[in-house]
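The values are calculated or read from the model by the stated rules, or taken from the named source; none is laboratory data. Because the structure is predicted, anything quoted here is derived from the model rather than measured. These area figures cover heavy atoms from the full protein model, side chains too; ligands, DNA and RNA do not enter into them. Shrake-Rupley method; radii C 1.70, N 1.55, O 1.52, S 1.80 Å.
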Amino acid sequence: MRGAQMVFKSRAAGAGIEGRVYPHLFRHSCATHLLERGAGIADIRTLLGHKRLSTTARYTHVNMAYLRVQIAHHPRV
(Lines give C-alpha, C1' and ligand atoms only; values in the text may rest on other atoms or scores of the structure.)
Protein backbone atom coordinates (compact mmCIF):
# COMPACT_ATOMS: atom_id res chain seq x y z
CA MET A 1 0.00 0.00 0.00
CA ARG A 2 1.35 3.42 -0.90
CA GLY A 3 2.04 6.07 1.73
CA ALA A 4 -0.72 8.53 0.83
CA GLN A 5 -3.25 5.73 0.58
CA MET A 6 -2.28 4.48 4.03
CA VAL A 7 -2.73 7.98 5.48
CA PHE A 8 -6.18 8.33 3.89
CA LYS A 9 -7.27 4.93 5.12
CA SER A 10 -5.98 5.63 8.63
CA ARG A 11 -7.63 9.08 8.85
CA ALA A 12 -10.92 7.76 7.48
CA ALA A 13 -10.97 4.97 10.05
CA GLY A 14 -10.19 7.47 12.81
CA ALA A 15 -13.09 9.65 11.65
CA GLY A 16 -15.47 6.68 11.56
CA ILE A 17 -15.83 6.79 7.77
CA GLU A 18 -16.75 3.40 6.38
CA GLY A 19 -16.19 2.21 2.84
CA ARG A 20 -13.36 2.73 0.42
CA VAL A 21 -11.37 5.91 0.88
CA TYR A 22 -8.43 6.67 -1.37
CA PRO A 23 -6.53 9.71 -2.70
CA HIS A 24 -8.24 9.67 -6.10
CA LEU A 25 -11.64 9.91 -4.40
CA PHE A 26 -10.38 13.04 -2.64
CA ARG A 27 -9.45 14.50 -6.03
CA HIS A 28 -12.97 13.84 -7.37
CA SER A 29 -14.55 15.31 -4.24
CA CYS A 30 -12.45 18.47 -4.39
CA ALA A 31 -13.38 19.04 -8.04
CA THR A 32 -17.07 18.58 -7.29
CA HIS A 33 -17.02 20.89 -4.26
CA LEU A 34 -15.14 23.58 -6.17
CA LEU A 35 -17.71 23.47 -8.96
CA GLU A 36 -20.63 23.56 -6.52
CA ARG A 37 -19.14 26.59 -4.81
CA GLY A 38 -18.81 28.62 -7.98
CA ALA A 39 -15.42 27.79 -9.46
CA GLY A 40 -15.38 27.66 -13.24
CA ILE A 41 -14.96 24.26 -14.80
CA ALA A 42 -12.11 25.61 -16.97
CA ASP A 43 -10.26 26.67 -13.80
CA ILE A 44 -10.86 23.25 -12.23
CA ARG A 45 -9.54 21.65 -15.44
CA THR A 46 -6.33 23.65 -15.04
CA LEU A 47 -5.98 22.69 -11.36
CA LEU A 48 -6.41 19.01 -12.17
CA GLY A 49 -4.04 19.20 -15.13
CA HIS A 50 -6.53 17.87 -17.66
CA LYS A 51 -6.17 18.63 -21.35
CA ARG A 52 -9.85 18.17 -22.15
CA LEU A 53 -12.83 19.77 -20.46
CA SER A 54 -14.77 16.53 -20.97
CA THR A 55 -12.33 14.73 -18.67
CA THR A 56 -12.91 17.31 -15.95
CA ALA A 57 -16.68 17.05 -16.42
CA ARG A 58 -16.45 13.33 -15.64
CA TYR A 59 -14.49 14.13 -12.50
CA THR A 60 -17.22 16.32 -11.09
CA HIS A 61 -20.18 14.48 -9.61
CA VAL A 62 -22.76 17.22 -9.40
CA ASN A 63 -26.05 16.61 -7.64
CA MET A 64 -28.98 16.98 -10.08
CA ALA A 65 -31.01 18.96 -7.52
CA TYR A 66 -28.11 21.39 -7.24
CA LEU A 67 -28.02 21.79 -11.03
CA ARG A 68 -31.76 22.47 -11.18
CA VAL A 69 -31.41 25.28 -8.64
CA GLN A 70 -28.47 26.76 -10.52
CA ILE A 71 -30.33 26.68 -13.82
CA ALA A 72 -33.45 28.19 -12.26
CA HIS A 73 -31.41 31.13 -10.95
CA HIS A 74 -29.37 31.66 -14.11
CA PRO A 75 -29.89 35.18 -15.53
CA ARG A 76 -30.50 33.92 -19.07
CA VAL A 77 -33.21 31.42 -18.19
(message) At 4 °C and a viscosity of 1.567 mPa s, what translational diffusion coefficient does Stokes-Einstein give for the chain, taking Rh as the Kirkwood radius over Cα pairs? Give it in µm²/s as a whole number.
(response) 91 µm²/s
(request) Name the residue, out of A57, A42, A12, whose mean-square fluctuation peaks in a Gaussian network model built on the chain with Cα pairs under 10 Å. (result) A12
(request) Would you kindly derive the ³J(HN,Hα) couplings of the range 57-62 from the backbone phi angles with the Karplus curve 6.51 cos²θ - 1.76 cosθ + 1.60 (θ = phi - 60°), listing them in order in whole Hz, with x for Gly and Pro? (result) 4, 5, 6, 8, 10, 8
(request) Heavy atoms only, probe 1.4 Å: what % of the accessible area of the chain goes to carbon and sulfur, would you let me know? (result) 58 percent
(request) Find the accessible area per residue for the chain; the probe is 1.4 Å, ligands and nucleic acids are left out, and the unit is Å². (result) 81 Å²
